[in-house]
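Written out below as structure tokens is the structure these notes cover.
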Amino acid sequence: YGIDRPAHQCLAVHQHNEAQAAQDVIARLAQGQRVAYVSDAGTPAISDPGARLVAAVRAAGHRVLPLPGASSVTTALSAAGVTGEGGFVFAGFLPAKGQERQRAVQALAQEPRAVVLLEAPHRIEALAASLQTLGERRVTVARELTKQFEQIETLSAQALPTWLAEKPERQRGEFVLVL
């Protein structure tokens, strides 16, 4: 990112240390320092760590200022063209375990609004297999959004596993799926 700061001024915040990191950020803010939270994998506090950080900083009386940037969710929704008047539901990452994931898919099958899911490349095949039960329901697959190998395709849920298997590169990158 071209951030020119000594290592001791940077602080890693991730799902395993977010509570402690939030206290470190609050201490820096209390000293009058300015802090910027930058994520390399999406919008902070939406699907990435950051929600606990934001809540703790606000609870400590400090201001949180968002700077808009690329959002895979809104990018995929704009390309899917399905929200209409009903809006959409952001479901994020479904459970990793098969039975839990299948229960979540069954619940989403009843949702009349567009549903946005996120998935990592090592789990996309399992998610596709779970979504297959949705039959003809349309799924827009958005892969590597705003990057060199961006790909956006709309197909039926039952066709998704076959589509992924046809070309190995289709299983690479970060995924947003819009049901």
Cross-chain or 6+ apart pairs with Cβ under 6 Å, region 83-104 first and among the polar types (S, T, N, Q), then in a helix (DSSP H, G or I) and open to solvent by less than 90 Å² (accessible area, probe 1.4 Å): Thr83/Leu77; Gln102/Ser130
Mind checking which helices (runs of 4 or more DSSP H) fall wholly inside region 1-107 and carry at least 3 residues that are hydrophobic (A, V, I, L, M, F, W, C) and surrounded by fewer than 16 Cβ atoms within 10 Å (Cβ to Cβ)? 18-30, 51-59
Please specify each residue of region 134-155 satisfying the condition of being more than 23 Å from Gly98 (Cα to Cα), among the charged types (D, E, K, R) and surrounded by 13 or more Cβ atoms within 10 Å (Cβ to Cβ). Glu144, Glu150, Glu153
Check on Val105, β-branched (Val, Ile, Thr) and closer than 12 Å to Val178 by Cβ: no
Give the residues of region 114-133 that are open to solvent by less than 30 Å² (accessible area, probe 1.4 Å) and either among the aromatic types (Phe, Trp, Tyr) or in a helix (DSSP H, G or I) (or both), sorted by residue number. Ile124, Leu127, Ala128, Ser130, Leu131
From the options Thr146, Thr140, residue that is under 18 Å from the mean Cα position of the chain (by Cα), of a type in the set (S, T, N, Q) and not in a strand (DSSP E or B): Thr146
Using the structure shown, decide if Ala70 is aliphatic (A, V, I, L, M) and out of contact with any Gly (no Cβ under 9 Å at 6 or more places or on another chain). no
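The values are calculated or read from the model by the stated rules, or taken from the named source; none is laboratory data. None of the values given here were measured: they were computed from a predicted structure. Don't worry about glycine lacking a Cβ; one is built from the backbone with ideal geometry, like all the others, and counts go over all protein chains shown. Remember, those area values only see protein heavy atoms, side chains included, never the ligands or the DNA or RNA. Shrake-Rupley method; radii C 1.70, N 1.55, O 1.52, S 1.80 Å.
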